1. What does the charge count near Phe361 come to, summing +1 for each Lys or Arg and -1 for each Asp or Glu among other residues with Cβ under 12 Å from its Cβ?
2. Using Cα positions and a limit of under 15 Å, work out the aspartates and glutamates in reach of Lys440, with same-chain residues fewer than 8 apart set aside.
3. Measure up Lys185/Lys306; Lys57/Lys359; Lys57/Lys185; Lys57/Lys225 against 27 Å on the Cα-Cα distance and list the ones that go over.
4. Most mobile of Gln87, Gln230, Gln48 per a Gaussian network model of the chain (Cα springs, under 10 Å)?
5. Positive end of the charge dipole of the chain (Lys, Arg +1 and Asp, Glu -1 on Cβ, about the Cα centre): tell me which of Met375, Leu432, Val254 has its Cα farthest that way.
6. How large is the dipole of the range 380-443 about the Cα centre if only Lys and Arg carry +1 and Asp and Glu carry -1, each at its Cβ, rounded to the nearest 20 debye?
7. Local charge sum around Arg50 (other residues, Cβ-Cβ under 12 Å, Lys/Arg +1, Asp/Glu -1)?
8. Just report the Cα centroid separation between the range 29-60 and the range 375-445, whole Å.
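Coordinate-derived values only; no laboratory data. The structure presented is a predicted model; accordingly, all values stated were derived computationally and were not measured. Note: ideal-geometry Cβ built from the backbone for every residue, glycine included; neighbour counts use all protein chains shown.
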Amino acid sequence: MSAPDRPGTAHAVVIGASIAGLLAARVLSERFEQVTVVERDELPAEPQGRGGVPQAKHFHQLLSRGQQVMEELLPGLGADVVSRGGQLVDTTEALRWLTPAGWAPRYRSGINVLGVSRDLLEWAIRQRVAALDRVRVLDRTETVGLVLDDTREVRGVTLRRRGSGAEPEELRADLVVDASGRGSKVIGWLGEAGYDAPDETIVDVGMGYASRFYRIPDGFAEDWKAIYVQAAPPTHPRSGIMIEVEGGRWLVSVNGVGADAPPTDDAGFLAYLRGLRDPALYEALRDAEPASPVAGFRHTGNRLRKVHQVDRWPTRLIVLGDALCSFNPVYGQGMTVASLQSLILRRLLADGFPADLAKRFQRETARLVAGAFTMATGEDYRFGAIDGVTPGAGTRFMHWYFDRITALKVHDRAVNDRFVRVLHMLDGPQVLFHPGVVAKAITRR
């Protein structure tokens, strides 16, 4: 079967109803006659957790750029989330942020993020994508292999309905998108078919999370919607955040490294909050009523699969989201990077289905994720050597320079504006290397 050269002539399969997979399906629906999203979990009819997303119990930061992209692809998404109790949080006015250099300035920036649980955000996205005429979602269905032809080209996937006891069935497709997350098996299946595995870079500092929902007390009235006590390693390696979300609740997440990872018992969790470098979270929460058990999470390593460097790769298979590159969640990049990958896919399909789609997509996404991955891993090296590897000269310089930027931004609103825009991927890091900013950083004035 030849690649389609006009809209509405082909079938695409997306493995995984993750946020990355759903956004990819939304984009593919503009070009393909049918898009099938295959998900092993049973997808809930209402916003609630599911087994395939254990990290959903923890704080998720959708950066402002990611929110813009999702609104472009799914108009009204933000308003829908807010109507269901999500909060609009101005990133400099409604957030109390203790940086390693002190409390960040507070003023209205107009750069908003959503205070929302992962469960509600994913559900709201899924409702919109599943309602598209060209999209169907198969839940409780496992992808157990790839369909390959005599030339080892990918022609679809092999599926099995969970719990049915039935034999696997083939689902033919002209394009397969792997959005199955950190646990993706696609690379292994390709290896069994004779393809070389891509090189991987793994940087795992051993960070652990613990999170809990609290009910916001009746009559609570403060001028903030979120508090972030940032780590200041190596002397203060713990961090914590609380943010107002739907249901009249706060979502509270704390994290630490190695043996200092937070506990998941009630008393230990509260004591950990008290042990942060500032007691702001503890003081806000000590009399609040818990609304959930404490949940832990330890799968936080950074992992990059260098698919773009493989000499031979199927022309009808692309890999994105956490299946391609996963980040330490503390930096909040994953959902935004996934949304930007969907824009790359949209642009490459704008004029048809190019024969070199997979190669071009993996190459362009490699450039996209490189900066985010470097930032995340570079920051992780602040906690010390990782697997015996110490940071190189370039990373040490960046630590030095950004320490100076952090010291500046607590009293210089113009520098803080630039920093916040970079943090939320609205501008590139180069704006922090403007000659005027560099001069301030060097002289600390």
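1. After counting each charged neighbour, the total is +4.
2. Asp403, Asp412, Asp417
3. From the list (Lys185/Lys306; Lys57/Lys359; Lys57/Lys185; Lys57/Lys225), the Cα-Cα distance tops 27 Å for Lys57/Lys359.
4. Checking each option, the largest mean-square fluctuation is seen for Gln48.
5. Comparing the listed Cα positions along the dipole, Leu432 ranks first.
6. Approximately 220 debye in magnitude.
7. -2
8. If you average the Cα positions of each part, the centres end up 35 Å apart.
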